[in-house]
1. Based on alpha-carbon positions alone, could you give the equivalent ellipsoid semi-axes of the range 6-79 from the gyration tensor, as √(5λ), descending, whole Å?
2. Per residue and in Å³, how big is the convex hull formed by the alpha-carbon atoms of the chain?
3. If one takes the longest principal axis of the Cα atoms in the chain, at what angle in degrees, from 0 to 90 and to the nearest 10, does the Cα axis of helix 30-51 lie?
4. Provide the net charge surrounding residue 146, with neighbours chosen by a C-beta distance below 12 Å and charges set as Lys +1, Arg +1, Asp -1, Glu -1.
5. Place a +1 charge on the Cβ of each Lys and Arg in the range 89-147 and a -1 charge on the Cβ of each Asp and Glu, then give the dipole magnitude about the Cα centre in debye, rounded to the nearest 20.
6. Loop-only check: which chymotrypsin sites (Phe, Trp or Tyr not before Pro) in the range 45-149 are DSSP coil with at most 13 other Cβ within 10 angstrom?
7. Can you tell which of 109, 90, 139 lies farthest toward the positive end of the dipole of the range 89-147, using +1 and -1 charges on the Cβ of basic and acidic side chains (Lys, Arg; Asp, Glu)?
8. How do 137, 149, 18 rank when sorted from fewest to most other Cβ atoms within 10 Å of their own Cβ?
Amino acid sequence: MIEISRNILLQNFCIPGKTATVTGRVCEDRLDALMRIMEHELLHLAEYLAFGQSRCSASRFQSAAYALFGHTAHQHAMTTRRSRVLANTPFRPGHRVRFTLNNQTFQGMINRIHTRATVLVESSQGQPYTDGKKYLKFYVPIHRLQMTK
Ligand SMILES: [Zn+2]
């Protein structure tokens, strides 16, 4: 069975003119990327039918992928939104940060980063967490964060 991640296609090509690299080939749009992924997956299928196993990290797969489709990389490498966010920011979970909301400044710690950062701010009005303290949870756009010491 061939499965294709819808998210990985939808999360790329959001910016017009911005390309993504799939199987080592630059793709202009989602259809282009879908074709590269299909080529890769079809080769898996063919190799499996011929040899009873298929590994795209192995050289047999890679030379066939290059000969047939011009693929130069075997990772199904399209970036996810999260990996793009992380590539463009120094902020990481565990960092202490400051941000301003409705003219009030809060200090807390980044708990997770997805498209926004989840920041936990210690507060008596917050939810109890496993460390015994109470925290309010904020979803803060990354560009609004400031590093604190
Ligand atoms: Zn593969």
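1. Details: eigenvalues 119, 27, 17 Å².
Semi-axes (√(5λ), whole Å): 24, 12, 9.
2. Numbers: hull volume 25.5 nm³, N = 149.
In the chain, the Cα hull volume divided by residue count equals 171 Å³.
3. It works out to around 60 degrees.
4. On the way: positive: 96, 98, 144, 149; negative: none.
Here the count lands on +4.
5. On the way: 9 positive and 2 negative charges, 22 e Å.
Around 100 debye, computed over the range 89-147.
6. Working: sites: 48, 51, 61, 66, 69, 91, 99, 106, 129, 135, 138, 139; in loops: 91, 129.
Qualifying residues, ordered by number: 129.
7. The residue sitting most towards the positive pole is 90.
8. On the way: 137 14, 149 3, 18 9.
Ranked by crowding around the Cβ, least crowded first: 149, 18, 137.
Only the coordinates and a few stated rules stand behind these numbers; no lab work does. The structure displayed is predicted, hence computed values, not measured ones. Note that each Cβ is placed from the backbone with ideal geometry, even for glycine, and that neighbours are counted across all protein chains shown.
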